[in-house]
Each structure stands twice: as structure tokens, then as C-alpha cells.
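Below is one structure; the comments refer to it alone.
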Amino acid sequence: MEREAQAMKLIIAIINYDDANAVTQNLSRNGFSSTRLSTTGGFLLAGNVTLLTGVQDDQVQQAIDLIRECSHSRKQMVPALTEMSYGFMPVMPVEVTVGGATVFVVDVERFERL
């Protein structure tokens, strides 16, 4: 008798580099495996980590909650260049919000562990 496969989802979580170890450990402690990719954000050109995690359909919210527990937004001062006359460009620090997580959940058509 064949068993019907449960629907799978792929969670793609883009998180701040500073939160990456805590997030991966939290997922692992709770039975989720993930693949970690080093990535760079486009806005601040800062280091990020993109985690790929395959989960059963009914585990999506639990995995997102675990990511949320360790992905914290915070304020950070970053240099912003301003152009003034004569080509002089002093560095003016600007406060921005960094951290947190951007999470995508997509359907998985097929999954095989080889």
C-alpha cells in the first residue's frame, strides 16, 4: 500500500550575519536542518546569510517562529556619502535599521534525499 507524500515547503530566510549562528542553532535544536549560504545585501552591501530549509507543510509556522526568536532588528550608524561642490564628499553617518529576517515560503514540487 502506497503512502501519500505530505506537501513540502521550502523556507528561504535572509538574515543578518550577526544573527546567523543563533538562528541555525535554534532550528537545529528543534529538529530542522538547513543549508547556509553567504550572501550580500544590495542596500548596505552588508553580509547576510540565506538559509534554505525544507519542511513539511504543517511545520512552516513553527520554523518561522524559531527564525523570528533569533532575528532581531536593531539600529546601526552607517556612513552615507553626500556630494558637495568641488567634488568634496564628506562622510555623514546615518542611522538605519538592520537585522530581522526576510522569509519566503515556496511550494516544493518534488523532494528526494539521495
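The values are calculated or read from the model by the stated rules, or taken from the named source; none is laboratory data. Since the structure is predicted, the reported quantities are computational estimates derived from the model, not experimental observations. Note that each Cβ is placed from the backbone with ideal geometry, even for glycine, and that neighbours are counted across all protein chains shown. Remember, those area values only see protein heavy atoms, side chains included, never the ligands or the DNA or RNA. Shrake-Rupley method; radii C 1.70, N 1.55, O 1.52, S 1.80 Å.
Residue pairs whose Cβ atoms lie under 7 Å apart, sitting 6 or more positions apart in sequence or on different chains, and linking a residue in region 60-76 that is over 15 Å from residue 29 (Cβ atoms) to a partner that is open to solvent by 60 Å² or more (accessible area, probe 1.4 Å), are 60/105; 73/97; 75/95; 75/97.
Checking each residue in region 17-32 for being touching a helix residue (DSSP H, G or I) at 6+ places or on another chain (Cβ under 6 Å) and either crowded, with 17+ Cβ neighbours inside 10 Å or assigned to a helix (DSSP H, G or I) (or both) picks out 19, 22, 23, 26, 27, 32. Has region 21-34 got any residue that is at pLDDT 95 or above, among the aromatic types (Phe, Trp, Tyr) and over 15 Å from residue 103 (Cα atoms)? Yes.
When region 58-113 is limited to residues that are assigned to a strand (DSSP E or B), modelled with pLDDT of 80 or more and not hydrophobic (A, V, I, L, M, F, W, C), the one that is surrounded by the fewest Cβ atoms within 10 Å (Cβ to Cβ) turns out to be 107. Would you confirm, using the coordinates I've provided, whether residue 14 is at pLDDT below 95, under 11 Å from the mean Cα position of the chain (by Cα) and open to solvent by less than 70 Å² (accessible area, probe 1.4 Å)? Taking the combined requirement at face value, the residue satisfies it.
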